[in-house]
Each structure stands twice: as structure tokens, then as C-alpha cells.
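A short write-up of the structure that comes next.
The values are calculated or read from the model by the stated rules, or taken from the named source; none is laboratory data. Please read all numbers here as calculations on a predicted model, not as lab measurements. Cβ placement follows ideal geometry from the backbone for every residue including glycine, while neighbour counts extend to all protein chains displayed.
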């Protein structure tokens, strides 16, 4: 079922085409955050451990909203690991776990890259 949201079909299609990559980027960020959450468990980083958990719960809810939006405009939301890896603009660190001191930098760098890409996507589709 298609919904009319007051936008020309061309604009709906342009914005919808960006959503799978956005969803994939968020899934990769979520996977990394989960991994770092599991890695950081000793008492000295207890607050960081809690923050990672809050982030991946919140990001999971956001991803659900993105996927539902894709379906709302009558598209198939991506959902397999293969699709996420093919659609993301973020990359893993060659299957290596970063050292404790590098975890926050890696997450920060990934967030920065995702934000920059999203801004480019928005500028391109105006």
C-alpha cells in the first residue's frame, strides 16, 4: 500500500533510495557498539559499558523506524547481513578488535563518517 505524504513521487523515490545505506550504516555502528560493550566490562569502565548499551538499544529503535519507513513507501527493507555489508559505507577493522584506548576513536570516526555521508546524501538530493 502506497501512502500519499504530499511529496512528488520523484522526491519520495530519491529519499527512499538513501534509506537502505543509512539503515546499513546504523546496523554496522550497532554491531561495533555491541562488540565494544561486551569487550568493556571491568569496573574501571562501568559507565562506558552502560553508555554502549544505551546507544545500541536506542540505535536499534531508530533502525526499526528507518526500516518501517522504507516499507511504508512500498519498498522492501534490507535485512540480511549480506545486504547490510553490501549497502554500508562503513568498514570493519579487518576483523581485528581495537585496543581499549582505540575503541572510542574508532566509534567516533565511524559516527563522523556516517554523518558526513548523510549530509552529502541530503545535499545531493535537494
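For this structure, a couple of remarks:
- Among residues of the stretch 50-85, those that are touching a helix residue (DSSP H, G or I) at 6+ places or on another chain (Cβ under 8 Å) and modelled with pLDDT of 80 or more, counted: 17
- Which numbered condition residue 101 misses (of (1) surrounded by 12 or more Cβ atoms within 10 Å (Cβ to Cβ); (2) outside any loop (DSSP other than H, G, I, E, B)): (1)
- Of all residues in the stretch 19-42 being part of a helix (DSSP H, G or I) and surrounded by fewer than 18 Cβ atoms within 10 Å (Cβ to Cβ), the one that is nearest to the chain's Cα centre (by Cα): 31
- Every pair of residues 6+ apart whose Cβ atoms lie under 6 Å, when the first sits in the stretch 97-113 and is on the phi > 0 side of the Ramachandran plot while the second is surrounded by 12 or more Cβ atoms within 10 Å (Cβ to Cβ): none
- Flag if residue 125 is over 17 Å from the mean Cα position of the chain (by Cα), modelled with pLDDT under 80 and surrounded by 10 or more Cβ atoms within 10 Å (Cβ to Cβ): yes
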